[in-house]
Amino acid sequence: MEERERTETGASLATLDARPILAGGVDPLETILRTIERIGIGGALLLTAPFRPEPLEELLGERGWRATVRRLGDGKDHVVEFLGPACPDPIDLTMLEAPEPLARVLERAAALADGDAALFRLPRCPALLPARLDPALRLETAAAPDGVTLARVARPPDRPR
Amino acid sequence: MRTPGLDPAQGPPLAVPFTFFLTAPLAVAAAGGLLLTGGSAVILAPAAPATLLLAHLGTMGFLGMTMFGAIFQMAPVVAGAVVRPVRLAYAVHALLAAGLAALGLGVTGVVPLLRGVHLGFLGIEGAALLFLILTGIAMARTPARNDTVTGMRLALGSLALAMLLGGAMELAYVGILPLGDKGPWLRAHLAAAFLGWIGGLIGAVAWQVLPMFYLAPPLPAHRRQAILLLTVVGVAGPVAALAATATSPGLLGARWHVAAAAAPAAFAVWGLHPLWLRRSLAERKRARVDASLLFWRTALVLALLLPVVAAWAAFASDPRAAILLAVLVIWGWAGLTVHGMLARIVPFLVWFHRFSFLIGRTPVPSVRGLLPDGPVRAVYAAHLATLVALAAAVLTRHDGLARIAGGGLALTAILVLRMILVVLARRPAPAEEAAVVSPAAAPASP
């Protein structure tokens, strides 16, 4: 309950680009761990790095975080999607053409019960979603440099007025 | 969650883009009527009044109408550039339609030719000026910074340049402004219109639409920026060459200098861009061939032919070269792109404005359900057959072929009009619409 409360009131999705940090000669590990701490075990982090950060995947894997890695375009850069131990697997909509991802998110969002949340992986930043989403719902997004976006839609718990 | 500067809720009402989209096929039908009645006489000489009318029904009536409507729609959504007051878009439309009508009346002899041409271009230039003021202010104020925004700004700047050069030529045509040899002016005008205005906007739209609707990987930023830079150089270059010839009247080969100065833009818009986009489409995440994609693919192949035809037109004295270039640009590369874009954007806009807020409350048709592939393929077949007939008519100067091409234009216009109207007629059942108090405001059903 404590974790749920925290992710609903604060950000549970984050992006971190380690490339400029590494280019500045600084080890980004501390920044990454601080971010992980901030978003909590129900959160997700999109990390961009100039190589596949296998030691980090192992370190976070020991703490229960799952990692999904993909390469950015033709280059050497990688995007690693770290999902916290309490984070649901995202519903992958990246293979759908517009406006199908929007329609699927709206369908799923309409069915959310009080206190429920759903996580989606979208092919791009959902620019039109806020205009159609029930204002009672909370939307959070985190976008990777290639546009692929994690979007979390949550219906707050029904609180007595 | 909002991308800084972007607010889709500030997009225009559905009626704004559709007023333009529905008028464009009428201009195509008028061009078809002109060819049907005039035959090959309409496509013999670039400077003939009927040819001038045909060209402007294509550039401003068909392409301009669609592109104006698309920019009024796109600017707030992709660039956060809110056009205010958006009602003035209807004034742009009215001026443009009236200008084209006046030009038509002048060329067909209903009113004296010079008066018709003068009034026609006044209307067209007035429409473009008002459009540029409205969208230019919005685009200048937007905080959004990306290559699509830069491409749209390049397109608007090029349109302004094309209008200035076109206005000067129109004043020369009616005897007010002595320009001397209009060849260099025409080349600079065409470079700004074809490469900067049309090419800039096609680039900006493609970078948004192809990843969004076809899951094509986006072009890398350095490639987009190279295209933009070369296009700017190739649009500004001819104007600089034109100015140089004005200050050095004895300079030989002004037409060549002006045409050659446009080469960087031609290389970018008709070379690099289609090559890179074709590769991007080949690397799509999903292999399904959508009917609208046929338009894009054909347009990109045609684009690769254009530098050759443009070189022929620039350096040869054969009038067929310039007319063939105009046909392949207006009805080929740009026209196919416009119809491909309409085939995706028309159902998408209707779905978004009328159906998307009902999701989760009642069954909602898909975008594909609003416009199946059949009608889109019919438009593609008619468009492509007309293009072949028109190009053949220009090359052979065959009267029958020219009239067949005219019939093809009219048929394509009817098919496009039907395609848009069928989609536009789709509305939610009144009871479903009434059940929703306001978009996204009613509680979700359990």
Of the residues in the stretch B:356-394, how many are out of contact with any Leu (no Cβ under 6 Å at 6 or more places or on another chain), away from chain A (no Cβ under 14 Å), crowded, with 16+ Cβ neighbours inside 10 Å and touching a residue at least 60 places away in the same chain (Cβ under 8 Å)? 6
What's the total number of residues in the stretch B:166-185 that are in contact (Cβ under 8 Å) with a residue 40 or more places away in the chain and within 22 Å of the chain's Cα centre (by Cα)? 4
Restricting attention to the stretch A:130-147, which residues are among the aliphatic types (A, V, I, L, M) and either assigned to a helix (DSSP H, G or I) or at the interface with chain B (Cβ under 7 Å from one of its Cβ atoms) (or both)? A:ALA131, A:LEU133, A:LEU139
Suppose we filter B:ARG354, B:ARG297, B:ARG361, B:ARG344 for residues that are over 30 Å from A:ARG70 (Cβ atoms), assigned to a helix (DSSP H, G or I) and of a type in the set (Lys, Arg); which single one remains? B:ARG354
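Could you identify the single residue in B:LEU195, B:LEU190 that is in a helix (DSSP H, G or I), open to solvent by 30 Å² or more (accessible area, probe 1.4 Å), within 27 Å of B:THR337 (Cα to Cα) and of a type in the set (A, V, I, L, M)?
Numbers: B:LEU195 fails: open to solvent by 30 Å² or more (accessible area, probe 1.4 Å).
None of the other options fit; the residue is B:LEU190.
Sort out which residues of the stretch B:265-323 are hydroxyl-bearing (Ser, Thr, Tyr) and surrounded by 15 or more Cβ atoms within 10 Å (Cβ to Cβ), and write them in order of number. If you could, list the steps in order and put the result at the bottom.
Initial filter on the stretch B:265-323 (hydroxyl-bearing (Ser, Thr, Tyr)): B:280, B:292, B:298, B:317.
Residues satisfying the conditions are B:SER280, B:SER292, B:THR298.
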Which of the residues spanning the stretch A:73-98 are touching a residue at least 24 places away in the same chain (Cβ under 8 Å) and under 23 Å from A:LEU29 (Cβ atoms)? A:LYS76, A:ASP77, A:HIS78, A:VAL79, A:VAL80, A:GLU81, A:PHE82, A:LEU83, A:GLY84, A:PRO85, A:ALA86, A:CYS87
Which ones in the stretch B:191-203 are of a type in the set (A, V, I, L, M) and in contact (Cβ under 8 Å) with a residue 60 or more places away in the chain? B:ALA191, B:ALA193, B:LEU195, B:ILE198, B:LEU201, B:ILE202
Answer with yes or no whether B:PRO217 is more than 22 Å from the chain's Cα centre (by Cα), open to solvent by 10 Å² or more (accessible area, probe 1.4 Å), over 19 Å from B:ALA334 (Cα atoms) and within 14 Å of chain A (Cβ to nearest Cβ). yes
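The rows are residues; the columns are (1) assigned to a helix (DSSP H, G or I); (2) open to solvent by less than 10 Å² (accessible area, probe 1.4 Å).
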| site | (1), (2) |
| --- | --- |
| B:MET139 | yes, yes |
| B:GLY151 | yes, yes |
| B:LEU154 | yes, no |
| B:LEU161 | yes, no |
| B:GLY175 | no, no |
| B:LEU179 | no, no |
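The values are calculated or read from the model by the stated rules, or taken from the named source; none is laboratory data. Source: prediction; values computed, not measured. A quick note on method: Cβ atoms are made from the backbone with ideal geometry, for glycine too, and the neighbour counts reach across all protein chains shown. Protein only, heavy atoms only, side chains kept; ligands, DNA and RNA dropped before computing areas. Shrake-Rupley method; radii C 1.70, N 1.55, O 1.52, S 1.80 Å.
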